[in-house]
Amino acid sequence: ALRASFATKAQKVNQNHQHHFQPQASFKVAVLGAAGGIGQPLALLTKMSPLVSDLHLYDIANVKGVAADLSHCNTPSQVHAFTGASELANSLKDVNVVVIPAGVPRKPGMTRDDLFNINAGIVRDLVAAVADNCPDAFIHIVSNPVNSTVPIAAEVLKQKGVYNPKKLFGVTTLDVVRANTFVAQRKNLKLIDVDVPVVGGHAGITILPLLSKTKPSISFTDEEIEELTVRIQNAGTEVVEAKAGAGSATLSMAYAAARFVESSLRALDGDGDVYECSYVESNLTELPFFASRVKIGREGVEAFVSSDLQGLTEYEQKALEALKPELKASIEKGFAFAQKQT
Ligand code: NAI
């Protein structure tokens with residue numbers, strides 16, 4: 001049950017909607033940055049969820065076309081467009097889950113940290129609006145560098161007096177999706193069975209797949225571990241280079257973000273068996289933010305799967321210690337940015 005069944009669920013939803021509208025749709029989801037490369041396919045996948053009653057699409061660019069287009073899909077949710085800062089507050093009213101993929105993506109040669117100067121301010125301003133309009137919502141941060149934008153979001157929410165660490169999530173689902181795909185390919189396993197926890201952060205060596213904790217339990221040679229770990233860490237750059245200046249991962253990212261939205265909605269709906277990896281406030285290590293598997297419930301993070309960090313291999317233990325200084329620096333950079341503003 002730890003395994004995500006997003007694909008199969010989505011297919012079921014699709015079949016059902018050809019016959020009747022689902023009665024249980026009741027959650028409102030907002031996507032901030034909905035006209036973008038991630039925002040559009042994410043909106044499409046979220047439109048397919050039977051749990052969504054209203055889909056709010058916000059962007060500084062015109063989103064009316066995206067909303068009109070999506071609104072013709074005969075799935076239950078109503079689609080609403082909000083364009084420009086004057087419509088931001090309304091886009092957030094009564095919303096249960098806010099997903100933020102607004103901001104610039106990488107080009108070849110850039111690290112995620114190179115995006116800091118532009119995206120830090122975008123995330124700060126959008127999260128301030130979330131604090132003012134739907135402080136109780138689950139907040140999913142997609143905009144990079146996630147290692148810093150999540151601490152920025154936390155600081156903004158604290159300044160507004162509404163910070164709930166259980167409801168602020170950095171979206172690292174794509175790292176898990178990639179790890180599952182690459183491990184299944186390399187070991188000739190059925191994809192649906194494979195689940196690899198990925199911990200740490202969401203950039204370069206801070207992305208740490210715990211291959212020793214793969215389900216089903218399988219053994220890897222040292223060469224396989226090195227090759228798979230490096231590929232999972234650099235998978236984003238693989239896409240950036242293949243797109244040759246046209247951006248970074250958008251379709252696989254939308255798939256991953258939609259899975260995380262669906263998991264959150266299931267949790268809000270009372271499903272007691274929802275586990276995802278996410279970059280959240282944490283005391284699993286000495287770092288204030290850390291990605292790990294968490295159990296998600298109606299009130300957000302309910303528990304940490306701390307056993308994932310126990311009994312690590314020597315390779316994983318070394319990699320964990322090696323990622324800490326970089327992740328710490330990214331967290332502090334986020335804090336410093338948010339504090340400088342006040
Ligand atoms: P994009 O450039 O295609 O789309 C970004 C959208 O954000 C545009 O429509 C733009 O108008 C909008 N936007 C910019 N400023 C805004 C503001 N203040 N308010 C509302 N909307 C605003 O970029 P793409 O490819 O969709 O990537 C978005 C972000 O997601 C980037 O920061 C990228 O690095 C990040 N990303 C994160 C991943 C993860 O695993 N967490 C994976 C891939 C990308």
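The values are calculated or read from the model by the stated rules, or taken from the named source; none is laboratory data. Just so it is clear, the structure is predicted and the values come from calculations on it, not from any experiment. Quick reminder, even Gly has a Cβ in these numbers, built from the backbone with ideal geometry, and neighbours come from all protein chains shown.
Details
- Taken residue by residue, the range 111-124 has no member that is buried (at least 17 other Cβ atoms within 10 Å of the Cβ), in contact with an Asp or Glu (Cβ under 8 Å, 6 or more places away or on another chain) and in contact (Cβ under 8 Å) with a residue 24 or more places away in the chain.
- Number of the exception - residue 106 against (1) more than 9 Å from the ligand (Cβ to nearest atom); (2) surrounded by 14 or more Cβ atoms within 10 Å (Cβ to Cβ): (1)
- Scanning the range 54-70 for residues that are surrounded by fewer than 15 Cβ atoms within 10 Å (Cβ to Cβ) and in contact with a strand residue (DSSP E or B) (Cβ under 6 Å, 6 or more places away or on another chain) yields 62, 64.
- Subset of the range 233-265 (residues that are away from the ligand (no atom under 12 Å from the Cβ) and either of a type in the set (A, V, I, L, M) or assigned to a loop (DSSP other than H, G, I, E, B) (or both)): 242, 244, 245, 258, 261, 265
- Taking strands (runs of 3 or more DSSP E) as the structural unit, those lying wholly within the range 266-342 and holding at least 3 residues that are surrounded by 17 or more Cβ atoms within 10 Å (Cβ to Cβ) and among the hydrophobic types (A, V, I, L, M, F, W, C) correspond to 289-297.
- Condition check for residue 71: more than 13 Å from the ligand (Cβ to nearest atom), among the hydroxyl-bearing types (Ser, Thr, Tyr) and either in contact with a Lys or Arg (Cβ under 6 Å, 6 or more places away or on another chain) or within 24 Å of residue 250 (Cα to Cα) (or both): yes
- Number of residues in the range 32-50 that are under 25 Å from residue 86 (Cα atoms), touching a helix residue (DSSP H, G or I) at 6+ places or on another chain (Cβ under 7 Å) and in a loop (DSSP other than H, G, I, E, B): the value is 4.
- Test: residue in the range 182-194 that is buried (at least 23 other Cβ atoms within 10 Å of the Cβ), within 16 Å of the ligand (Cβ to nearest atom), of a type in the set (A, V, I, L, M, F, W, C) and modelled with pLDDT of 95 or more: no
- Cβ-Cβ distances below 8 Å connect the following pairs, each with a first residue in the range 229-247 that is farther than 15 Å from residue 172 by Cβ and among the basic types (Lys, Arg), a second residue that is more than 10 Å from the ligand (Cβ to nearest atom) and part of a helix (DSSP H, G or I), and a separation of six or more residues or different chains: 231/182; 231/238.
- Hey, residue 271 more than 16 Å from the ligand (Cβ to nearest atom) and free of Cβ contacts under 8 Å to residues at least 40 places away in the same chain or not: yes
- Qualifying residue in the range 249-267 (condition: without any contact (Cβ under 8 Å) to a residue 24 or more places away in the chain and out of contact with any helix residue (DSSP H, G or I) (no Cβ under 8 Å at 6 or more places or on another chain)): no
- Residue ID - surrounded by the most Cβ atoms within 10 Å (Cβ to Cβ), chosen from residues in the range 142-181 that are within 17 Å of the chain's Cα centre (by Cα) and away from the ligand (no atom under 16 Å from the Cβ): 154
- Number of residues in the range 118-141 that are of a type outside the set (Val, Ile, Thr) and within 12 Å of the ligand (Cβ to nearest atom) equals 9.
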